[in-house]
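Every number in this text was worked out from the coordinates using simple rules, so none of it is lab data. The shown structure was predicted, so the numbers you read here are calculated from the model rather than taken from an experiment. Here the Cβ positions follow ideal geometry from the backbone for every residue, glycine too, while neighbour counts run over all protein chains shown.
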Amino acid sequence: MSEADMYQGIAPVPQQVPEPAGGPPLYVTVPAALAGLVVALRAGRMIKKRMGGGSRLEERGFKKGGVADDRAYTQAIKGMRRMQFEELSPEQIEAARRRRRREVEKDALPLDLEQIELPENHPFAVKKRLAPEEEELQRSRLSARRGLSAEDMRKLREQQALADQMDAEEEARQQAARRARG
């Protein structure tokens, strides 16, 4: 048998090409495509808003300088209720300023029990003087640090005084160390 016969007897084997991969599954591609579409639409809107803003204003009656012409202005306020006010004289203005100044001064005064007007049939408030201890208790309850009792306020003041003293001592030590170095 010759070499040529050997090659002729072998049937050519077709090359097997592997199947191409089908890509990512649908549960990945569909949400990714929708997200891409949303991003593209938003970007398009932003670009359109930046580029086409002036023409819409001009259509509504605004000039290029940003000021509306009289026709557009009158059309815009056509449905508004307009009210005419009479001009006030300088004396009326000054009298109003004096009244307001008195009100502000009255509001700035410290509030006392005698200044408060209580109705006679008030369900729980009564006008009577408290004992000095009760008055101090009420003032501590109404102080800026709400929720702390008088005892807690006293302790807090003591701690603050101690902290101030310690700060002063530390400052004195630092100054003495600076003087010793320099």
Checklist line | Per DSSP, loop trypsin sites (Lys or Arg not before Pro) in region 86-130 with at most 12 further Cβ within 10 Å | finding: Lys127, Lys128, Arg129
Next item on the list: Identify the GluC sites (Glu not before Pro) of region 77-136 meeting these criteria: DSSP loop state and at most 11 other C-beta atoms within 10 Å of the C-beta.
Entry: Glu86, Glu87, Glu114, Glu117, Glu120
Next item on the list: Net charge near Gln165: determine it from the other residues with C-beta under 14 Å of the C-beta of Gln165, scoring Lys and Arg +1 and Asp and Glu -1.
Entry: -4
